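Just below is one structure, and these are the notes that go with it.
The numbers here are math on the coordinates, done by the rules we state, and not lab data. In this text, all values refer to a predicted model and were calculated from it rather than measured experimentally. All Cβ positions, even for glycine, are placed from backbone atoms using ideal geometry, and neighbour counts span all protein chains on display.
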Amino acid sequence: MTSHFKPTKKNILAFMGIFILVFSILFFLSEYFHDVIYGFSEKIHSLTILVEYLKTSIELTFIFIAVKNWKPIYRWISGKREFRGTGDEFTFPKDKVKAIIIPVSRTEQPEWIIRHLEPKYVAFLYTGERKNHVIELINLFSKKIHFAHTLKEIEQGKDMLSDPDNPNETKEIVKKFIEGFIAQGIKEENIFVDTTGGKVPMSIGAFQAAEEMGVSSIYIVGKGNNGNIKEPTLREQGYPIFLSRKNE
């Protein structure tokens with residue numbers, strides 16, 4: 001189950017299907033028993049009765065859905081979250097990895113992600129001190145990656161963090177990136193938020209944004225000294241894990 005209840009297209013279609021079924025059963029049962037008692041010549045066409053059918057059908061449909069989905073609904077009402085898949089190795093197919101948001105501290109870890117997870121779209125979370133790293137990465141991969149910002153926009157400091165110790169600022173910027181990817185037609189299940197680089201408050205803000213937007217968050221475990229990636233061209237230098245998985 002997901003960590004929070006969302007009215008997805010699948011849920012809406014299920015609701016409509018159950019509603020039509022319940023309404024049809026109630027309607028035909030009422031018609032049947034009315035015909036048996038009063039005969040075919042005196043059918044009820046009262047608007048009040050039709051409204052009651054609709055009301056009862058909706059109530060029964062909601063009851064059915066509530067019983068079937070009581071756990072996610074309870075978590076949604078109570079505000080409790082479930083972090084599914086924490087620590088699991090990231091084995092998502094590469095063709096499903098459409099977009100990744102990457103915090104930048106050193107160039108090696110973002111480069112490793114781009115080379116080996118092969119996203120189509122990338123947004124960088126950066127500070128003024130790391131602006132040159134972002135410019136270097138964009139120059140390196142500009143022919144194969146759609147970046148959220150152009151070189152000129154990075155040079156001008158667009159969406160640059162002014163306070164890396166403020167997780168709320170990070171959260172708002174990451175949510176803006178996610179909303180931008182969704183607006184381009186990328187589904188939530190194909191968007192990922194990396195939490196490896198940057199300062200701890202940046203990782204916290206990025207993780208919170210991913211949770212609130214319903215996308216998966218990941219972490220890159222480096223195999224070099226101090227858990228860092230030394231040679232990003234080598235796949236074996238690291239491996240990604242889920243912090244919270246929102247997709248299947």
Too long for a 19 Å Cα-Cα cut-off, among K120/K230; K98/K175; K98/K131; K171/K199, are K120/K230; K98/K131
Would you report the distance distribution of C-alpha pairs in the range 96-202 as whole percents per 10 angstrom bin, up to the bin with the largest distance? 15, 53, 31, 1
Computed lengthening from R106 to Y239, 0.36 nm per intervening residue step minus Cα-Cα distance: 46.2 nm
As a footprinting exposure proxy, order H116, H146 by other Cβ within 10 Å, with the fewest listed first. H146, H116
So, with points 7 Å from each Cα along the Cβ direction, the K158-T86 label distance in nm works out to 3.7
Can you pull the one-decimal nm distance between simple spin-label points at E231 and S142, each 7 Å off the Cα toward Cβ? 2.9
If you take the Cα atoms of the range 160-212, find Rg, then find the Kirkwood Rh from the mean of 1/r over all pairs, what is Rg/Rh? 0.98
Extension gain from I135 to K120, taking 0.36 nm per residue of separation minus the Cα-Cα distance: 3.6 nm
So if each residue of separation counts as 0.36 nm, and I subtract the Cα-Cα distance between A183 and E169, what length gain in nm does that give? 2.9 nm
